[in-house]
Every structure is written in structure tokens, then in C-alpha cells.
Amino acid sequence: MTASEHVLGLGWDDVSAVEERDGMPTLQVAPQRLRELLEILKRDLGFEIAILVTAVDHSPKAPRFELVQQFLSIQNNERLRLRCPLEGDNPSASSCIDLWPGAAYMERECWDMFGIQFDGHKNLRRLLMPEAYGHHPLRKEFPHQGIEPDRLYREWERSRIERAAEREGQEGVNS
């Protein structure tokens with residue numbers, strides 16, 4: 001029995017099979033059931049690796065966001081994709097890093113680019129964008145030309161030059 005057959009056999013109303021063009025077994029799971037399903041994948045079905053955590057912004061459709069996660073079981077030679085619809089402009093989902101620590105950076109990237117909050121992630125902070133950046137660039141409302149790109153880049157460059165000058169001054173004093 002495959003993992004998706006096992007999960008569907010549990011009889012949960014809020015988990016269903018999804019046909020994907022690439023043929024990967026895929027389940028759609030409601031956010032309130034996600035954590036329980038993740039634990040079953042790890043504990044009972046032998047999925048050792050989280051290979052993908054990302055999102056899709058379907059704006060203006062509702063639900064706006066969809067969390068997409070893929071897992072691999074080497075021992076069972078099986079892959080499984082989960083799709084979890086998330087409502088609202090400040091979406092959140094259960095973190096999986098206590099089960100798959102390697103997913104920490106993928107969750108951080110998903111937060112950084114889409115603004116999806118991962119409940120239970122103890123170090124959820126920017127990964128690609130500067131900490132003070134107030135936007136999530138992969139959201140549909142983010143302008144293609146960026147947000148005040150010239151001003152931001154000039155500030156970052158000025159800060160970089162100031163730090164380099166401080167380091168040079170410290171090296172001269174220590175000589």
C-alpha cells in the first residue's frame with residue numbers, strides 16, 4: 001500500500017487526492033489537519049527527507065496561498081506532495097522542522113518571499129532579503145520593477161562602504 005493510499009484510508013474528510021500532471025502522488029490537506037499528517041508521514045510511513053517547502057500565490061482567487069511540500073522515503077522508494085490551502089493576507093501553517101530539521105531554510109525562504117508564518121519555527125527570519133525589508137517579493141501585489149529599488153540599493157551600498165571603511169580604520173589602529 002502506498003503512503004497516499006494509507007492516508008486516504010484513514011477516512012479524513014479534510015484530506016483528498018489531487019491529480020498532478022507530473023504523476024507524483026499528491027494530497028490536498030486542510031491546515032488544521034496538516035500537523036497530524038506530517039507526524040504520520042514521519043513516524044508511520046517512513047518519509048526521511050523533506051525535499052521541498054514552497055508556496056504559490058493564487059491572488060485574487062481564494063484561498064490566496066497554497067503551501068506546497070514534498071517528501072521522500074528512501075526506504076520505500078516513494079515521494080509524496082502535500083498541498084495545503086491558506087487563507088488571508090497573513091497566512092500561517094505548522095512548521096515541520098522538528099520532524100525534518102533540514103526544512104528550516106526552506107521555511108525561512110517561504111516566509112521571506114511569501115510571508116507565510118510557520119508556527120513552531122524558532123528562527124523564522126529573513127533569508128534572502130535584508131531584515132528591515134518590509135515586503136515579500138513573490139506575492140502577486142509586489143511590483144515587477146521592485147519597491148523603490150534605487151533608494152534601497154543606495155542605502156545598502158552606503159552601509160556596505162561605511163562598514164568597509166570602519167574595518168580599514170580598525171586594521172590601521174591595530175598595526
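Bear in mind that the values in this text are calculations on the coordinates, not laboratory data. Since we're looking at a predicted model, the values are computed, not measured. Cβ atoms come from the backbone with ideal geometry, glycine included; neighbour counts cover every protein chain shown.
Please report the net charge: other residues with Cβ closer than 15 Å to the Cβ of Met1, K and R +1, D and E -1.
Neighbour charge sum, excluding Met1 itself: -3.
In percent, what relative contact order does the stretch 3-139 have, based on Cα pairs under 8 Å that are 6 or more apart in sequence?
Working: 252 pairs, mean separation 27.0, N = 137.
Contact order relative to length: 20 percent.
Would you please put 155-167, 66-78 in order of how densely packed they are, using the mean number of other Cβ atoms within 10 angstrom per residue and starting with the highest? Write out the running numbers ahead of the final one.
Working: 155-167: 10.5, 66-78: 17.0.
My ranking of the peptides, most packed first, is 66-78, 155-167.
Projecting the Cα atoms of Gly115, Leu99, Val68 onto the dipole axis of the chain, where Lys and Arg carry +1 and Asp and Glu carry -1 at the beta carbon, places Gly115 farthest toward the positive end. Expressed as a fraction of 2.2 N^0.38 Å, the value expected for a compact globular protein of N residues, the C-alpha radius of gyration of the stretch 3-139 is 1.03.
Near Lys122, which lysines are there with a Cα under 30 Å away, not counting those fewer than 8 places off in the same chain? Here the lysines satisfying the reach criterion relative to Lys122 are Lys42, Lys140. Angle of helix 104-114 to the longest C-alpha principal axis of the chain, folded into 0 to 90 degrees and rounded to 10: 80°.
Taking amide H as placed 1.01 Å from N in the peptide plane, the amide H of Tyr133 sits under 5 Å from none that are at least 5 places away or on another chain.
Per-residue 3J(HN,Hα) values for the stretch 39-44, derived from phi via the Karplus relation 6.51 cos²θ - 1.76 cosθ + 1.60 with θ = phi - 60°, read 5, 5, 4, 6, 6, 9 Hz in sequence order (x marks Gly and Pro). Ordering 33-40, 15-22, 134-141 by mean Cβ neighbour count within 10 Å, with the highest value first, yields 33-40, 134-141, 15-22. Rounded to the nearest whole Hz, the Karplus-based 3J(HN,Hα) values (6.51 cos²θ - 1.76 cosθ + 1.60, θ = phi - 60°) of the stretch 159-164 follow the sequence 5, 4, 5, 4, 5, 5, with x at glycine and proline.
Dividing the helix sum by the residues of the chain, where each DSSP H run of 4 or more adds -39500 (n - 2.57), gives a mean residue ellipticity at 222 nm of -10500 deg cm²/dmol.
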